[in-house]
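What follows draws every value from the coordinates through simple rules; no lab data is involved. Predicted, not measured: the structure shown is a model, and the values here were computed from it. Glycine also receives a Cβ, built like all others from the backbone with ideal geometry; neighbour counts cover every protein chain displayed.
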Amino acid sequence: MTEFWLSAGLLLLAALGFLLIPILRGRRQQQEEDRTALNVALYQERVAELAAQQAAGVLDEAQMAKGRDEAARELLADTEGAEPARQGHLGKALPLLAAVLVPALALGLYLHFGAADKVELTQEFAAAPKTMDEMTTRLERAVEAQPDSAEGLYFLGRAYMAQQRPADAARAYERAVALAGRQPELLGQWAQALYFAADKKWSPQVQALTDEALKADPNEVTSLGLRGIAAFEGERYQEAIDYWNRLLAQLPEGDASRAALQGGIDRAAERLGSGAKPQATAAARLKVRVELAAALKDKVKPDDTVFIFARASNGPPMPLAAKRVTVAQLPLEVELSDADAMLPQMKLSQFAEVQLVARVSRAGQPTRGEWIGQGAPLANTTQATQHLTIDSPDQ
């Protein structure tokens, strides 16, 4: 903003110059006019003196003519280079008044109609954000500056979901839908946010939103995933398989979520083939105490994100159960259970052997970070509190 106000000040000085220069030039012209009048008076006085001398017989006719010519040459020499008088109509008061009012009026109009906040926001966005929290703050400011931007609200909703703030994300998606219309992708994202905000419980609103999204676009990926979850939880395994197979066909080869999705399809197929209701799996609960190595205390920030999670020792890489804290909260003891599952079809209790991991991620990304601590594989029925120390660079 400093550069902007400096440029505005220079332009203002230039504008004032156009108003004040005529006044200054007018003063110079007045001085020239006064000098010319004095020279004319001296000329007239000299001619009168010569005439008196001629009358007294001191000068003859030739001397009189010669003296008059010399006086005339002196007058011309004194007045040569003087600018012609200009007719002024504005006077001095009006330009001076304009010089005061123009910048004041311009400043008032800019503060009312201008976009100083957007200029400052644009300059701030020129630098890459260092953390997920910083990115979310910028998006919030952008939405505040442009409340009618559906695109800004969409990305703000995505940022809230990455920060595990589904209720805020649902409100952002709802506003985006109101602005951009009921687009299938927005409806699917809205339904997903509502589902997680309700502690992963299906609701009539989620059902209606996914129905509407899939009616408009049968391949809308978020809605397909959610409907598969609902069918699996309702023991409608063939329906879950159908939804997830449709979703699998939309994912590119090499996508990290393909393995987890295929695992859900396989489990649904197993239960469908058994023809009987599966027995409930004993709930798994793991207690873990996480600490930060003393050597890293000067290399992290208090607001850096820490993800504490359990993943299958032999299975998909995505977390089975996870919690999010900050470096400032360490050391900390937490409990991981099926209630912390990322997906209902992938729970801690479904994998006999798991690994505990704690990761510091300055960008707020659970899949990558700067520092990590990992435990040895252990049974998901382990009762003793496990200890993790974050002490190694994250590869």
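According to the square roots a ≥ b ≥ c of the eigenvalues of the Cα gyration tensor, what is the shape class of the range 139-208, taking rounded for a/c under 1.5, prolate for a/b larger than b/c otherwise, and oblate for the remainder?
oblate
Using alpha carbons only, how many angstrom separate the centre of the range 286-325 from the centre of the range 189-220?
30
Applying a 10 Å radius around every beta-carbon, put 357-366, 376-385 in order of their mean neighbour count, most first.
So the order, starting with the most tightly packed, is 357-366, 376-385.
Could you put K299, K200, K323 in order, starting from the residue whose Cβ has the fewest other Cβ atoms within 10 Å?
K299, K200, K323
How would you rank T389, T367, going from fewest to most other Cβ atoms within 10 Å of each one's own Cβ?
T367, T389
Taking amide hydrogens as modeled 1.01 Å from N in the peptide plane, which residues meet the under 5 Å criterion relative to G364, leaving out close sequence neighbours?
Here the answer is M132, T305, since their amide H atoms fall under 5 Å of that of G364.
Can I get the semi-axes of the range 130-274's equivalent ellipsoid? Compute them from the C-alpha gyration tensor as square roots of 5 times the eigenvalues, in angstrom, largest first.
Computed over the range 130-274, the values are 30, 16, 14 Å.
What list of ³J(HN,Hα) couplings, whole Hz, do you get for the range 154-169 from phi and the Karplus terms 6.51, -1.76, 1.60, once you set θ to phi - 60° and write x for glycine and proline?
Karplus-based 3J(HN,Hα) across the range 154-169 equals 4, 5, 5, x, 5, 5, 4, 5, 5, 8, 6, 10, x, 5, 5, 4 Hz.
Could you pull out the pairs from K201/K347; K200/K299; K299/K347 whose alpha carbons sit more than 26 Å apart here?
Among K201/K347; K200/K299; K299/K347, the Cα-Cα distance tops 26 Å for K200/K299; K299/K347.
Based on the Kirkwood radius over alpha-carbon pairs, what is the Stokes-Einstein translational diffusion coefficient of the range 285-393 at 37 °C with 0.692 mPa s viscosity, in µm²/s?
Approximately 239 µm²/s, per Stokes-Einstein.
What is the magnitude of the charge dipole of the range 130-274 about its Cα centre, with +1 placed on the Cβ of each Lys and Arg, -1 on the Cβ of each Asp and Glu, and no other charges, expressed in debye to the nearest 20?
Approximately 180 debye in magnitude.
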